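Some notes on the structure that comes next.
The values are calculated or read from the model by the stated rules, or taken from the named source; none is laboratory data. In this text the structure is predicted, and so the values were computed from the model without any measurement. Every residue, glycine among them, receives a Cβ derived from its backbone with ideal geometry; neighbour counts consider all protein chains shown. Note: areas computed on protein heavy atoms with side chains; ligands, DNA, RNA excluded. Shrake-Rupley method; radii C 1.70, N 1.55, O 1.52, S 1.80 Å.
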Amino acid sequence: MEKKEIVQLLDDMSMEEKIGQLLQLTGSYFMDDAVLTGPEAEIGVTDQEIALCGSVLSIHGASDLMKIQDKIMKSQPHHIPALFMLDVIHGFRTVFPVPIAQGCTFNPELVKEGASISAKETAVSGVHITFSPMSDLCRDARWGRVMEGTGEDKYLNGIYTKAMVEGYQGDDIKKPYKVGACVKHFAAYGLPEAGREYNAVEVSNRTLFEDYLPAYEEGVKAGAVSVMTSFNTLDRIPSTANCKLMRDVLRNKMGFDGVLISDYGAVMELVNHGIAEDAKEAAKLAIKAGVDIEMMSRSYVSELKGLIEQGEVDQKLLDEAVMRVLILKNKLGLFEKPYKDASVEGEKEVILCKEHREAARKCAEESLVLLENDGILPLHTQGQHIAFIGPYADNKELFGAWALMADGNDANALSEIVPALYPNNGYTFEHACNIVPKDSLLSGLASTLETKYNDQEEALAMDRAVEKAAAADVVVLMLGEHRLQTGEAAAVGDIILPKKQLELLDKIARVNQNIVTVLFNGRPLDLREIKEKSKAVLEAWFPGTEGAYAVMDALFGKVNPSGRLSMSFPYSVGQVPVHYDEFATGRPKGEEGEQNKFCSRYEDIPNAPLYPFGYGLSYSEFSYSDRCLSKQKLNGSKNEDTIEARVTVTNQSEVPGMEVVQLYIQDVKGSVVRPKRELKGFKKIFLKPQESKTIIFTITEKMLRFYDIDMEFKSEPGEFRIYIGHDSLETHAMAFHLVKE
Ligand code: NOJ
C-alpha cells in the first residue's frame, strides 16, 4: 500500500476501530474450541473488542492462523489484517542453544544464521513477528532470565542483538521467510534488585546510558520494527509509563520509529505499581509515554475513547500509534498478502529440515565451554568402560525454557546415540536421580514438572548408579537444572545444583575419581564442589535439538570445544552481580595472601569469580607472541587516525582448534572512574596443528568514548592500555596515548 492510502485508511476508521488496532490478545480468543483461563478469562474482553482486535500473540500453525486471519479480517470494518506475534527465542521447532549459550560462541555469524532459520520456520507457521532478541544486560545469576540474554558485556550484547535482528528481518521483512524482530525489554530489565523477577531497577543515569542502553540501540540501528517495554521501574517510574525513556531516549535519541508494545499486562500493572489509580489513568500514562500496542490488558479499549472525548488525551496520540501499527502491517506486506508466508506445505518442507538441524548442531558445538580438563578429555574411542550417569544421561529434553514449540521426539538422548556412534567402548547409562525433588513447585509455560522416581525408587537408582560408577573406567556425570528452573519468573536465592545431584556427585567421587561432569543449565552456577570433584567440566547449557550430538562429539574429541564464557561464573552467590569490567576502588585489594583488612574484599571468599568472562579451554594449546602496536600515539582530532594492534597466535598442539582472540582496552585515567578494562573486539580463528596467524585489531578514537563528567559521550586524551589475549584475565599490557592535536 502507498503511504497516502494508509493515511486515507486511518482517516476513514472509527475511533473504536482505531483503538482496536492497539489491542493485543492471545490466540485463545480466536480459537473456536478454546477455553479461557487465568488472565485470559479475568480481563473481561468483550466480543466487540475481540472483533476489532489488531494483533494476536502466542499462536502458531499455518492452518489455524490462516483461518484466524480470515475471521479477523471479516470482522474488521476495513478488513485490516491482524499481526501475529510469538516468542521464538532460540528457535522455533529446530531448537538452538539458549541465548546465553549462543553468547558463548563468540560467533555472531552463527547467531545470525540461527535467527534467520528461526525466522523461516516461524514465517511458514504464519507468524509475523518474534518477541526477540532480549537485549537486556545480565550480571546477576540469580535472575532466571539470564538464559535469555547473551551475557554480561555491553559490546558483545550489542553485536548479538544486531546479528539477531538482521537474521530475523533480512533487508526487508516483506520478503519470504522473514519476520520482524521485537527488541526487549526496554529498559534495563536485566537489573532487578537482588535478582528477583519483576523487581525495581536502581541504576545511575551514567551506567544506564553507558552499559545498559547500547545493546537496545544496536537493535534499533539494525532496523528492528518493534520494541517491548520492560516490567520494571527505572528511576522509580515503570517503563510502560516512562515518557522520558520512551519518547526522549528511544524515539528521539535512538531514532526508533517502529511499534512500541507493552509487555504482557504491563499497562494495567501501573495500578499495582501504585502510579495509576485505575484503568483510565493507566491508559493515559501509557499512551502519553508512547506505548502503541497494549498486550493483554484492556485499558486502551475501555478508556481511550473517553479520555480523548474529555480532552485528557490528544487524539493525535491515538492516530500516531495506529499509524505506526498500520505502517508495520504494510511493511510486512499484509495488506496484499495477509497470510504472508503461512503455508501448510511450507511447514512440512522447512521445519526441522536437514539444513536447519545442521546449523543447530554447529551452534551447539560452538557454544560448549570446557571449564576444566586435566587431560581426561577427550574420552578414548575404544577400550574403555564409560558410565554415563545422572538425570541428563538419557534425557532428550535439552531445550531449556522458552522452547515452546520443541518436541522431545525431535531430539536424542546421549544414551540413544553414543553406543552406535562410538561402538568400541563399553557403556552404561543410569538416570540415578530426579533433576529436582518430585514435590518441587516448579511450573512453566510449556510444561509441568515430571519426575521419574518416587523416594524409594530414587534411593535404589542412586545405589545402582554408584555401583556402576565403581566398575567403570570413567564416569561422565550428566547433571543440571530443570528447564523450568530458568527463564521468566525463575529467580533463585542460591545458585547451586539441586541437592540430590550434589549428593550423587559426592557418592560417586568416593568410588571413582575419574569424573567428567557435563552441565545442562541456564545460568552461571556455583561450581566449587563440581570443580573439586571432577577431572573435567564441560558447560553444555541447554544446547537444543541437536545438543546430544554436540556434547557427544565434544566428549570424544571429534569437536574441539571453542566456547568462551559470556557471563562470569561467580565463586558463590555472595559475589553477584560480578562482572569483569568492574571499577577501580579507592582501596584496591592487593595480591593474594597480602594482609590488609581495610581494602575492597570479602572476609570469607575471593573477589575473583570462579571462571571469568571470556574464559574457556580447548583440546589445543594456543600461545600468544609478538604483540605490538603500530604506534604509541593516536590523534583523536583526526577522524581517520588509527593504531594497529597486532598479535601472533600459534596452535602449539597437534589438535586443530578454534581460539577467540580478545581485545580489551583500559582507559587509565578519566574525568569519571573508568572500568578496569572493556572488551572492544574479538576474532574467532581456526588454527591447524602448529599453525600461526597474525591478528590485527584497528584502534580508533570512537572505541574510547564514554559518558564523561558532563554526560557527554566522548573520549578524553591520556594513557590507554591494551590487553590482547585468551580471556579477560590477560595481563600482558601495551600502552598508547590519545592526543587531540
Ligand atoms: C512476558 C515476557 O516478559 C516477554 O518477554 C514475552 O515476550 C511476553 N510475555 C509475551 O509472551
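Structure above, values below:
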{"read-out": "Of Lys71/Lys280; Lys154/Lys221; Lys4/Lys280, pairs whose Cα-Cα distance is over 22 Å", "value": "Lys71/Lys280; Lys4/Lys280"}
{"read-out": "Candidate lysines for bridging to Lys499, where Cα separation is under 19 Å - those fewer than 8 sequence places away on the same chain excluded", "value": "Lys438, Lys452, Lys507, Lys531, Lys533"}
{"read-out": "Stokes-Einstein D for segment 580-707, Kirkwood Rh over Cα pairs, 20 °C, 1.002 mPa s (µm²/s)", "value": "122"}
{"read-out": "Dipole magnitude (debye, nearest 20) for the chain, charges at Cβ of Lys, Arg, Asp, Glu", "value": "1620"}
{"read-out": "Accessible surface, per residue, of segment 606-741 when the full set of protein chains is kept, probe 1.4 Å, Å²", "value": "45"}
{"read-out": "J(HN,Hα) series, segment 82-95, from Karplus relation 6.51 cos²θ - 1.76 cosθ + 1.60, nearest Hz, glycine and proline x", "value": "8, 8, 10, 10, 8, 7, 10, 8, 9, x, 8, 8, 7, 8"}
{"read-out": "More than 40 angstrom apart: percent of Cα pairs within the chain", "value": "35"}
{"read-out": "Degrees between helix 455-471 axis and first principal axis of the chain (Cα, 0 to 90, nearest 10)", "value": "40"}
{"read-out": "Zero-based 5 Å bins, Cα pair distances in segment 157-267, whole percents", "value": "2, 13, 22, 24, 19, 12, 5, 2, 1"}
{"read-out": "Net +/- balance of residues flanking Phe388 in space, Cβ distance below 13 Å, scoring K and R +1, D and E -1", "value": "-3"}
{"read-out": "Percent antiparallel among DSSP beta bridges (both partners in the chain, rounded to 5)", "value": "55"}
{"read-out": "Shape of segment 338-472, Cα gyration tensor, a/c cut at 1.5", "value": "oblate"}
{"read-out": "Rule-of-thumb Rg ratio for segment 51-191 [Cα; 2.2 N^0.38 Å; N residues]", "value": "1.11"}
{"read-out": "Space enclosed by the convex hull of the alpha-carbon atoms of segment 37-95, per residue, Å³", "value": "102"}
{"read-out": "Sparse-neighbour loop sites [GluC sites (Glu not before Pro); segment 266-301; at most 13 other C-beta within 10 Å; DSSP]", "value": "Glu277"}
{"read-out": "Karplus (6.51, -1.76, 1.60) ³J(HN,Hα), θ = phi - 60°, over segment 58-66, in Hz, Gly and Pro reported as x", "value": "6, 8, 7, x, 4, 4, 4, 5, 5"}
{"read-out": "Volume in Å³ per residue [convex hull over Cα atoms, computed for segment 504-596]", "value": "164"}
{"read-out": "Where only C-alpha atoms are counted, convex hull volume of segment 6-134 per residue in Å³", "value": "133"}
{"read-out": "Binned Cα-Cα distances of segment 515-653, short to long, each 10 Å bin given as a whole percent", "value": "9, 26, 27, 25, 12, 1"}
{"read-out": "Relative contact order computed over segment 1-96 (Cα-Cα under 8 Å; 6+ residues apart), in percent", "value": "28"}
{"read-out": "Per-selection Kirkwood Rh - segment 211-263 (Cα, Å, 1 d.p.)", "value": "11.2"}
{"read-out": "Size of charge dipole - segment 532-673 - debye, nearest 20, with Cβ of Lys, Arg +1 and Asp, Glu -1, no other charges", "value": "340"}
{"read-out": "Carbon + sulfur, % of accessible area of the chain - ligands and nucleic acids excluded, 1.4 Å", "value": "48"}
{"read-out": "Relative contact order [Cα under 8 Å, 6+ residues apart], segment 114-240, whole percent", "value": "31"}
{"read-out": "Shape of segment 567-624, Cα gyration tensor, a/c cut at 1.5", "value": "prolate"}
{"read-out": "Cross-link reach list, lysines versus Lys284, counting only Cα pairs under 27 Å and skipping chain neighbours closer than eight places", "value": "Lys18, Lys184, Lys244, Lys253, Lys305, Lys316, Lys329"}
{"read-out": "Share, in percent, of DSSP beta bridges within segment 1-160 that are antiparallel, nearest 5", "value": "10"}
{"read-out": "Calculated from backbone phi, Karplus (6.51, -1.76, 1.60) coupling profile of segment 349-355 in Hz, x at Gly/Pro", "value": "6, 9, 5, 6, 5, 4, 4"}
{"read-out": "Descending semi-axes in whole angstrom, ellipsoid equivalent of segment 360-401, from the Cα gyration tensor", "value": "22, 17, 11"}
{"read-out": "Of Thr26, Met147, Ala101, farthest towards positive along the dipole that unit charges on Lys, Arg, Asp, Glu beta carbons give segment 1-160", "value": "Ala101"}
{"read-out": "Segment 546-698: relative contact order as a whole-number percent, Cα under 8 Å and 6+ apart", "value": "24"}
{"read-out": "Taking N as its residue count, the alpha carbon Rg of segment 426-552 over 2.2 N^0.38 Å", "value": "1.05"}
{"read-out": "Rg/Rh ratio calculated on Cα atoms of segment 651-741 (Kirkwood radius)", "value": "1.08"}
{"read-out": "Helix-only CD estimate at 222 nm, as mean residue ellipticity for the chain, using -39500 (n - 2.57) per DSSP H run (n ≥ 4)", "value": "-8000 deg cm²/dmol"}
